[in-house]
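Here's the structure we're looking at; comments come further down.
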């Protein structure tokens with residue numbers, strides 16, 4: 001159980017406070033309601049680029065890393081398609097420093113041509129290293145456009161094209177900052193061994209006078225239903241051919257999301273999973289394989305992937321995957337096996353909430369979803385799933401008319 005109190009400042013900033021007497025450290029997490037899905041289609045990768053720029057210094061804090069390190073702490077950030085998150089972990093005595101520094105860069109970030117040139121170069125190199133030079137690194141540049149025809153999830157977090165980052169100008173970045181980085185578009189979460197009134201006083205002191213802002217989030221288009229199979233063959237310098245079989249999965253706030261999560265565990269979680277036992281060990285179709293869901297706020301993706309062993313054709317691999325899915329659809333899971341999965345999921349949920357850092361990040365995430373209190377309801381939602389629910393969902397999800405398949409073919413392979 002994660003206890004917390006919720007406050008809303010007059011400028012719209014939401015504050016979540018979790019009292020934690022188990023640690024001498026304090027965590028400050030700030031979640032901005034902006035990710036790849038909020039970008040201009042012709043200026044993608046800006047959310048990720050801006051994450052880097054947020055460490056370039058502000059009016060009163062010219063070097064964030066030095067200030068946090070001198071305060072005995074650490075800080076970092078991450079961006080995805082739905083949100084951007086910054087966090088600081090400091091000794092309790094320096095909690096005020098962390099709150100002050102986050103407020104200062106929300107309002108007084110120093111955006112200069114020099115900082116843009118520096119961080120733009122870093123992001124371009126990251127794009128090349130992770131997407132161009134890394135085997136299979138461009139997979140999300142293929143998955144996105146193939147699966148999403150309407151929704152901006154078609155764009156990877158790193159950006160659609162390197163040129164979008166290379167051509168970013170200071171005016172674009174300043175506009176992005178003014179639009180999304182404001183109190184009414186942010187959630188501050190604090191986890192520390194301190195009282196709620198003390199936390200509220202500190203947050204009000206540093207964030208309270210910042211103008212609310214007027215974020216233009218825009219309407220996110222709903223993805224149309226897929227009615228026919230799609231496929232794509234990619235010729236690439238990969239060490240071995242690979243297949244990706246992908247289905248549209250449920251939105252994060254729906255009951256079906258939890259069904260999809262359990263199905264992905266049955267199919268791909270560890271050496272006890274179906275894909276490992278049947279297609280890696282027994283039939284030796286794949287040298288390695290995985291099954292997972294993207295878990296995005298809007299409807300996401302359910303992905304099965306495998307790297308083919310020598311002498312295995314795409315036709316053989318695809319047929320084996322469908323045989324595995326058809327067995328899951330036709331043969332109900334044993335009640336005992338479902339209970340084992342539910343207990344493991346509950347254990348993982350509890351373990352994920354052990355640290356103050358994870359509590360702070362997750363509270364901000366559930367608040368962004370719509371209700372921070374949902375953090376305490378996850379276990380119940382998984383335990384309410386029945387064998388019938390899973391079979392019904394599998395029949396709906398793994399529809400041959402709704403599959404998209406990507407074949408990664410080695411340039412020098414004869415398959």
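General observations
- Taking the C-alpha atoms only, the angle from helix 113-127 to the longest principal axis of the chain is near 20 degrees.
- Helix 335-352 vs. the chain, principal-axis angle (Cα, 0 to 90°, nearest 10): 20
- Here the label points at residue 399 and residue 63, each 7 Å from Cα along the C-beta direction, are separated by 5.8 nm in the simple model.
- Among 110, 160, sorting on how many other beta-carbon atoms sit within 10 Å of each Cβ, with the fewest leading, yields 110, 160.
- For the residues 381, 121, 219, a GNM of the chain with alpha-carbon springs under 10 Å puts the largest fluctuation on 219.
- Normalised by the number of residues in region 279-320, the average gap of Cα pairs under 8 Å and 6 or more apart makes the relative contact order 38 percent.
- Choice from 39, 284, 396 with maximal GNM fluctuation in the chain (Cα, 10 Å cutoff): 396
- Geometric extent, Cα atoms of region 279-407 - Rg, Dmax (angstrom): 17.8, 52
- Every helix of 4 or more DSSP H residues in the chain counts as -39500 (n - 2.57), and over all residues that averages to -12000 deg cm²/dmol at 222 nm.
- The order of 182, 29, 131, going from fewest to most other C-beta atoms within 10 Å of their C-beta, is 131, 182, 29.
- Normalised by the number of residues in the chain, the mean separation of alpha-carbon contacts (under 8 Å, six or more apart) gives a relative contact order of 22 percent.
- Cα centroid separation - region 162-217 against region 375-404, whole Å: 36
- The mean sequence distance of close C-alpha pairs (under 8 Å, at least 6 residues apart), as a share of the length of region 18-76, puts its relative contact order at 15 percent.
- Between 0 and 90 degrees, the angle of helix 356-369 with respect to the longest Cα principal axis of the chain falls at about 80 degrees.
- Residue order, fewest to most beta carbons within 10 Å, for 176, 46: 176, 46
Here, each number is a calculation from the coordinates, and none is a lab measurement. This is a predicted model, so every value here is computed, not measured. Note that each Cβ is placed from the backbone with ideal geometry, even for glycine, and that neighbours are counted across all protein chains shown.
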